[in-house]
Each structure stands twice: as C-alpha cells, then as structure tokens.
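Note sheet for the following structure.
Read-outs throughout are calculated quantities, based only on the coordinates presented, and are distinct from any laboratory measurement. As the structure is a prediction and not an experimental result, all values here were calculated from the model. We place every Cβ from the backbone using ideal geometry, glycine too, and count neighbours over all the protein chains shown.
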Amino acid sequence: MLTTFFLMIWPIGGMVRCSTYFQYAATALYLRSVMFGTTDDNALSCFLSPSMTVTKKHEPADVRINNRMMVFGQIFSSCPMSRAQIGRKTGLSRVAACEVVSDMLDKHFLMENGYEQPTRPGKKGTLVSVDDQYWNVVVLDLSMPFLLQAAVMNLRGEIVTRVEKSFDKITAITPETVIALAESLLDGASHILGFGVAVPGIVDEDGVVVETANFGWKNVPLRKMFQQHFGKFCTVDNDANSALIGERFCGAGRATGIFVQIAVGVGAALLIDDSLVLGSHHAAGEIGHVVVDPDGPQCTCGKRGCLETFISAANLRRRINENPLDRTTMLQEAGRSLGHVLAPSVSLLDLDDVFVYGSKDIVDDIFLGATECAINAEAASTLQNHSIRVQQCSCGDDIVLRGESIAVVQAVLRNANEYKKVPPVGLEPTTQDLKGLCSAN
C-alpha cells in the first residue's frame, strides 16, 4: 500500500477518491477547500475527518459549526484570550466571535477567566478559556492486552478519576464488560457530555467495530450499544487516531505528520493540515501487515515478513530475551524496517514529523535514531532536502485517553444536532438519572 506511487484521482459527487489510503492524504488540501461547501459531510467523513484545530477562516455550509471548532481549537492551544483576540486569531469578525463565545459560554464549553492586561486606556477585555470545571467525558482505552483503562476527563483532556481492570483471558473482554466498566465511573462524574471508546482495529463512521484482532470482535455496533445503555452521545474511534489527537492537542504534534503506535500490533495515523485521514474503508494507517521481507517470519495474517513480525513489542522483546547481547542490533534493524515502510509516504506527502508511541524499552533512542536515518536516507532528494524528525510522543501513557476525550468534544462541536441537544445550565441529566436509565436497561 505504502509503496504505490501512481495516484488515481477523479471527482465523484464533489469528493475525491484515491487508489490507496495514504495516497489519498495527498488530496487533503483540495478536500479541505470543498468539505464545508456543497459536499455531503457524512459521505466525506468516511475519508477525512476535520479536526477542530483549524485556525483559518472558511466559508462552510454551516458557518456556526466551523466557527465553534475554530474558536475552541484556538483557545485550547492558547492562554486565555479576549473576544477581540479570538477574532484576530481566527479571522472572524468581532460580532461573529462574540456570538460564538457567548453561545459556548452558555453551554459551558468556555468560561470567563479574568481580564486582560490593558495596553492602553479603556475597558479591559474579559478573558475566556476552556471550561474545565463543568462537563465531564467518560473515556475508555482498549488498546492494551488483558487490560481495560477508563477515566472521567474534563474538557481539557485532564483526568478527574480513573479505574483499571485486568483480565486473565483476552476473550473475557466483551462489549458488556466495557459498558460495565464505564458505568462504574458514573459516581466520579458530575455533568456528563458523552462517552468515548478507543479500540484497536477498524471502526466505521457509525461507531461499528468492523474488526479487532485483539478481542476477536467483528461488526460490533459499540456506539449504538453505549447510546442505548446510557442515553448519551458516544464516539468510538481507532486507538491510533485517538492517540494522534492526544499528541496534537496535548503534546508536540503539529498540523501535519504521521503517528505510529507500537504495541501488540503496529498501527499508524495520519494528520494532513489538521484533518485525520480515515481511508475509503476506515483502515488508513494499518501498516502492520505491509510486507518488508517476503522470506521473513510467518505472520498471524497468513503472509510472511509483515512489518509487525519485525517490530511489534511482543516480537521484539521475545527476540531480545533470547539474545540480549544483540539488543542494539535488533533495535536498529527494527527501526530501519519502520523507516523503510514510512519513507514513501513521508516523501509523497512532504512531511516533517514522525511521532512514535510505545514502551520505552522498545521505542528508545536507538530505535528512533535508526528510523530517522532510514527515512532521511530513502526520502531525501534535491527537491526535498529537509531533515525528517522522528521523535517519541510526549503525552505519556495516558495519550489514548486524552485524545479520545478530545475526540468526544470535537464530535459534539462538529455535529449540529448533538450540539443543539447540549442543555442549558441546570437541565442536564444527573449521574443519578443515568444510573436509573442503566438499571432500566
């Protein structure tokens, strides 16, 4: 997939399709220009999901949606700002900025936070920031084998309370056990905006887990199950995409780059101009089964020499334990294999940054250095002579939880119907109301 360079692009119904998922990302700038126009948003979301970190003014079909996302994204990544500063940063008029801020204050997405320091005589502007005290999001991370992690988060992606549950058998992790773990957190939440679940595997736009090899799930309508059980909005996302959002909002991530997650398997996520690339079949970033050596070890997928057989955490640890004196050589070879797979996409998309997330005993300076050297050696040319940076993610072990909590906020802001459902102060359901609904179910 990553080594195919011939692009097949043709307009269909206001969209653009590409022959491969990562190559599709090369058209992201074009898509971004049409995605808020006459293009059908639901159809387009199957390919590319806009992030709320966009900071340029557009002319969308629904101006309010775009303005909400711009304002929240700008404030999230900045210190408290006045309405005038928000207008200047986003390109919105003063009236439009005031209207959006007032609406988001009413619904507790933003809060007033003191006054700006005056630089000249006159009325001091009121500063606003993300309201991290009112709404909570209940988030679950299913990316670890034999372990479920769940947390109550605020709108800044900070953990309020958390819980973990381990399992002796991975098959014991079912949708019902996931829902039960989420329900156990209700006592630690105040006003619940929604639920978010990060799952390893392929997830479609309806929140259906199409397939996850970790648990043996296929076509599980997880979002629907959560919404029926709790009566609240829910998002279900691929765990690598969640982690990428976490690094973008809370770490060192920038508007364009590749994120690679090395755990039980190997997955990637791609951000182009602050838009997640999802792929035609919601499988963008599934690089673990790209063949790097046709004569290599047998893979669980049935092929030989897949990337996952060389660099997954479990496989690397096993090989290192068998030959501890060769650890440095093995990590260098693993890093070069990853760099070889990523180099075509880095060159094709003219990327600067690659972020790698994984256990520190695997993803260390030796591994990262070998990956960086391989990418720069294979992707460099007279036209692309800048150095590619390969670095470890800076968000720590909670990167998936933090990213998925922000994904819930994104989804509510982007979904006009869900945003309208956010009740005024005092009318939202309490945790006792949700418990009553859970008991009824």
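A few comments on the model shown:
- Relative contact order (%) - segment 84-168, alpha-carbon pairs under 8 angstrom, separation at least six: 17
- Calculated SAXS-style log₁₀ I(q)/I(0) at q = 0.21 Å⁻¹ - segment 98-237, Debye, Cα scatterers: -1.23
- Efficiency of FRET from Cβ geometry, Gln227 and Asp293, R₀ 51 Å, rounded to 0.05: 0.70
- Dipole moment magnitude, nearest 20 debye, segment 132-211 about Cα centre, only Lys, Arg, Asp, Glu C-beta charged: 260
- The average projected area of segment 88-178, computed from the convex hull of its Cα atoms over all directions, is 8.9 nm².
- Segment 237-276: relative contact order as a whole-number percent, Cα under 8 Å and 6+ apart: 40
- Computed log₁₀ I(q)/I(0) - Debye formula, equal Cα scatterers, no solvent, segment 157-262, q 0.13, 0.15, 0.17, 0.24 Å⁻¹: -0.55, -0.73, -0.94, -1.45
- Across segment 146-203, the volume of the C-alpha convex hull divided among the residues equals 98 Å³ per residue.
- Shape descriptor for segment 177-329: Rg over Rh equals 1.03 (Cα atoms; Rh from the Kirkwood inverse mean 1/r).
- Extension gain for Cys79 to Tyr115 (0.36 nm times residue separation, less C-alpha to C-alpha distance): 11.7 nm.
- Whole-number D in µm² s⁻¹ for segment 240-385, Kirkwood Cα-pair radius fed into Stokes-Einstein, 10 °C, 1.306 mPa s: 102
- Calculated from backbone phi, Karplus (6.51, -1.76, 1.60) coupling profile of segment 333-342 in Hz, x at Gly/Pro: 5, 5, x, 5, 4, 5, x, 4, 6, 7
- Stretchable slack from Ser184 to Asn415, in nm (0.36 nm times residue separation minus alpha-carbon distance): 80.4 nm
- By the count of other C-beta atoms within 10 Å, a proxy for reagent exposure, Tyr115, Tyr134, Tyr357, Tyr419 are ordered fewest to most as Tyr115, Tyr134, Tyr419, Tyr357.
- Inter-label distance for Asp352 and Ser166, nm, one decimal - labels placed 7 Å from Cα along Cα-to-Cβ: 4.3
- Sequence-separation-based contact order of segment 238-322, relative, with Cα cut under 8 Å and 6+ spacing, percent: 22
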